[in-house]
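The values are calculated or read from the model by the stated rules, or taken from the named source; none is laboratory data. Keep in mind that this is a model prediction, so the values were computed, not measured. All Cβ positions, even for glycine, are placed from backbone atoms using ideal geometry, and neighbour counts span all protein chains on display. These area figures cover heavy atoms from the full protein model, side chains too; ligands, DNA and RNA do not enter into them. Shrake-Rupley method; radii C 1.70, N 1.55, O 1.52, S 1.80 Å.
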Amino acid sequence: GPEPAPGPACSLLPECQPPGGVGDSHATREELRQRARRRGSRKVGIHALEVYTPRHACSATELEKAHGTPGKYSVGLLMREFCGPDWDEDPVSFALTAVARLMWRNGLRHADIGMIQVGTESLLDRSKSIKSNLMALFEEHGVTDIQGTDQYNACYGGTAALLNCLNWVESAAWDGRWALAVATDIADAPAQYRFMVGAACTVMLVGPDAPLELQRERVSHILDRWDFYKPVGWHEMAPIVDGPYSIDVYFSCLDSTQRQLGERVGYANMVEEHDFLVYHLGSGPKFVKHAFERSCALAYPPDEESLALERAHQEGEHATPRSSTSRRKYLGLRQTQQDRLFDEKVGPSLCLATRIGPMHTAAAYTNLTSLLLEKRQSLVGKSILLFSYGSGAASTMYRLKARGLPVTNWDKHAELDGRTYHSAAAFDALSERYASTWRKFGWTAAVEDEQPGGAYYLTECDTLGRRAYRLVKHPDMHLQGPLSIAIEDSRLSKEERALTKEGPRFDWRRVKPAEAKPPPSKQPQPPKPPKEGKKQSSKQQPPKHKQAPAPAAAPAAGGAPAAPAHDKEALAALLSALQTQAEAAA
């Protein structure tokens, strides 16, 4: 269909336009509340989506060839390209850019925003929230009355942020302003898992009378699992992943939410009853295809003939537990039918992901944006089933009704075409340089390539871990935000100021741990008189003390903290075993 022009309001269905229009600054808060009340249900949902991705990319075929695994990324994972940041970008710069662009694209004033919720698993600080960083865009306009903070649980944080915004707009506390749900993440991985890198930030504008309405019914399934996690103090930015176990947890959450939501809305077949299905991306598009197979297994139960064939297969001499489990997913539906349904109902949501890679919290909503870009006008009037998942584990399944089209960047694929494409070696080097900033302080993000306009970039991380940013202007993109977000140090103590001045820079790698001291020993007590019938020893035994632990090895200068040799060997063995299991599962 014809491309909707980006603008302040969707122009497809007049009855579905947001109250006063997304960019109508003349509608007061009271008018918004009155219009929502007149309609009865507020029909809260998404009015606009913005997706930001970094400028560096690499072809999947070139990367797999350089890694000695031809076909693994392009055919095995269904990836076309991967993208990632250099060290001049981070989750905060992503979010600053995406929020500023969404407000520019929709003609919003800063005073129009009443809530910002941020979902991320790429934390830069264990206390200060990324939401507080975003307030730099609003504070210079005198706007500080904005509710919300960060949400985190692996890849689920974006959904937690969205549902918090939804609940606020539906509540009695809603004051007529818009809410922003931000999901920003950078997926980092060790060298042997380079196919797991990707990065993106999505921002959703949430309000009443939405073109993409979130239906009332939703189901969550939350567990206590250790399938993917990032312990505080872990020696690298990348997570610890038990690949096969994480797949099992994902599928158990999918099974539960799909079954419960079907019972709640009265649908026996959730695949048939929805026009499109959007899934959390996991490791990539191929994983989503496996997730759809799982949904089909629940939606299309096997008949007697299929069960008989399965029993015959299990009794065969070549049957294994894994092969029988894999075959059971296809029992109720022929493979050709399942492939056709996947192409029709799921494939359109993965076109952006095949060019970006894993995105953690932003994945499900980048996939939703991809569906908008691919279907456009034909999406209006259709139903969407969305499954969001985060390891650890938290998941939610809910439904959306497309009453119109939200505002988005309809030229996103052209924007991806304009990225800088690198050789595999150069892309690996960029990934390594970004990962090397983990737990580093006192550095400047100097880059040699041109930084595209209309975006915020990280300029430095000072000796106390505080970060500064700057806006690079674009002639056609008039973002309303400070040109420079500097580090304010007027409240530092004299000792803290001394650390930030020129001279020896603070470096955590050179801080030696305090020497371990043996515990204080108790004073020796005089020996007790021997009991009758026992002979007293002629030699008095010295008092026994516990052995003091050996001092920890000092971190090696210029690198990561040195780990004991046996720990390194155990870690290497663990990673090798997990990689083998992940490849077998894929």
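Against the definition (among the hydrophobic types (A, V, I, L, M, F, W, C), crowded, with 23+ Cβ neighbours inside 10 Å and within 11 Å of A181 (Cβ to Cβ)), how does A161 come out, yes or no? Taking the combined requirement at face value, the residue satisfies it. The listed residues are L96, L63, and the only one of them that is outside any loop (DSSP other than H, G, I, E, B) and within 30 Å of V407 (Cβ to Cβ) turns out to be L96.
If you go through the range 255-306 and keep only what is in a helix (DSSP H, G or I) and aliphatic (A, V, I, L, M), you end up with L261, V265, V288, A291, A297, L298, A299. When the test is whether a residue is open to solvent by 50 Å² or more (accessible area, probe 1.4 Å), among the acidic types (D, E), outside any helix (DSSP H, G or I) and farther than 30 Å from V249 by Cβ, D88 does not pass it. Among residues belonging to the range 233-253 that are more than 18 Å from the chain's Cα centre (by Cα) and hydrophobic (A, V, I, L, M, F, W, C), point out the one that is farthest from S388 (Cα to Cα). Applying the filter and picking the extreme gives W234. When the range 120-146 is limited to residues that are open to solvent by less than 80 Å² (accessible area, probe 1.4 Å), in a loop (DSSP other than H, G, I, E, B) and among the hydroxyl-bearing types (S, T, Y), the one that is farthest from A199 (Cα to Cα) turns out to be S129. Listed by position, the helices (runs of 4 or more DSSP H) inside the range 389-505 whose residues that are open to solvent by 60 Å² or more (accessible area, probe 1.4 Å) and modelled with pLDDT under 95 number at least 2 are 424-435, 494-500.
Scanning the range 196-224 for residues that are buried (at least 24 other Cβ atoms within 10 Å of the Cβ) and not in a strand (DSSP E or B) yields V197, P208, A210, P211. Based on what the data block shows, is D227 on the phi < 0 side of the Ramachandran plot, among the acidic types (D, E), within 22 Å of the chain's Cα centre (by Cα) and open to solvent by 20 Å² or more (accessible area, probe 1.4 Å)? The answer is no for D227.
For the range 369-378, a tally of residues being touching a residue at least 60 places away in the same chain (Cβ under 8 Å) and either open to solvent by less than 10 Å² (accessible area, probe 1.4 Å) or not basic (K, R) (or both) returns 5. Taking residues in the range 130-159 that are among the β-branched types (V, I, T), and partners anywhere that are surrounded by 15 or more Cβ atoms within 10 Å (Cβ to Cβ) and part of a loop (DSSP other than H, G, I, E, B), the pairs with Cβ atoms closer than 9 Å and at least 6 places apart or on different chains are I130/T120; I130/S122; I130/L123; I130/L124; I146/R177; T149/S129; T159/H280. With respect to the conditions (1) at negative phi; (2) in contact (Cβ under 8 Å) with a residue 40 or more places away in the chain; (3) touching a strand residue (DSSP E or B) at 6+ places or on another chain (Cβ under 7 Å), P190 falls short on a single one, namely (3).
In this structure, H274 qualifies as of a type outside the set (A, V, I, L, M, F, W, C), farther than 30 Å from S431 by Cβ and open to solvent by less than 20 Å² (accessible area, probe 1.4 Å).
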